[in-house]
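Working notes, structure below.
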Amino acid sequence: MNADPAAQLRLLELQALDARLDQIEHKLRTLPQHATIADLESRLTVLRDRIIAAETEATDLQRAQTKADDDVEQVRSRSRRDQELLDSGRVSSAKELENLQHEIASLARRQSELEDVELEVMERLENARSALAGLSAEREQLTADLESATRERDAALAAFDKDREWIAVERSSTLPDVPADLLGLYDKLRADHDGVGAAALHQRRCEGCRMELTPTDLGRIRDAAPDTVLRCEECRRILVRTPESGL
């Protein structure tokens, strides 16, 4: 394959632009904010389930608290009625008085038991609400962190988009100067060699594989016509001669 030496030099410019574009794409894929966002979203998902469980527990305990309050109030009301009846003097029968006093004593014991239950439920409800408040505060912090990481990622993406737009313009202005057959070979080699299809011969070294050329290869290159498209014998990439080739 033959191509004007100027076109081959333009191919190096194209390779440099493509390399920068590849670097941008790599940076886009490996932005630290991607991992941070994924981690925060995962933690928020787990936290959401914990909050739902905590809310359910608090709701159940609130119902238990209401029931315990009602139970205590019922016993208190009945005890007050019995005490008022006892104090009124309307009960004259010794047997009835004994039964009434016995019931008041039983109600007092029952009230004490229910108040213990009421207190226990109250403490559990307070702990549940405290735990829920802690989880809610954690969610707020994680949400704020997620919003911050998202803004950082979006800012980085916007900056990279500007770089890609500039490269696209430069690439478009370079492509017309590269013959179609040379461009086709370049694209194929780029796909086969980690994004590098063309490399400069710099100080007798291929910049693609970083191997120094043998005297035989150098002699072959010196004897080649200026428009001959050369290939590196080691990596098979297009090898472009420049004033710094050291020939």
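Readers should treat all values here as calculations from the given coordinates under stated rules, not as data from a laboratory. On a predicted model such as this, the values are computed, not experimentally measured, just so you know. No Cβ is skipped: glycine too gets one built from the backbone with ideal geometry, and neighbour counts run over all protein chains shown.
Observations
- With Cα atoms defining each centre, the stretch 99-176 and the stretch 38-83 are spaced 19 Å apart in the structure.
- Restricting the stretch 185-247 to trypsin sites (Lys or Arg not before Pro) that sit in a DSSP loop and have at most 12 other Cβ atoms within 10 Å of their own Cβ leaves R210.
- Estimated translational D of the stretch 31-175 in µm²/s (Stokes, Kirkwood radius over Cα pairs; 25 °C; 0.890 mPa s): 116 µm²/s
- Comparing D69, D87, D163 in a Gaussian network model of the chain (Cα springs below 10 Å), the most mobile by mean-square fluctuation is D87.
- GNM flexibility winner over the chain from E13, E96, E207 (Cα, springs under 10 Å): E96
- When the charge dipole of the chain is built from unit charges on Cβ atoms (+1 for Lys and Arg, -1 for Asp and Glu) and taken about the Cα centre, the candidate among A198, A133, L100 whose Cα reaches farthest toward its positive end is A198.
- Normalised alpha carbon radius of gyration of the stretch 145-198 [divisor 2.2 N^0.38 Å]: 1.68
- Gaussian network model of the chain, springs between alpha carbon atoms under 10 Å - residue of T150, T36, T228 with greatest fluctuation: T228
- Two-site FRET efficiency, L157 against K188, from Cβ-Cβ distance with R₀ of 45 Å, rounded to 0.05: 0.90
- Note on the stretch 161-234: semi-axes of the ellipsoid equivalent to its C-alpha gyration tensor, largest first and rounded to whole Å, are 27, 15, 11.
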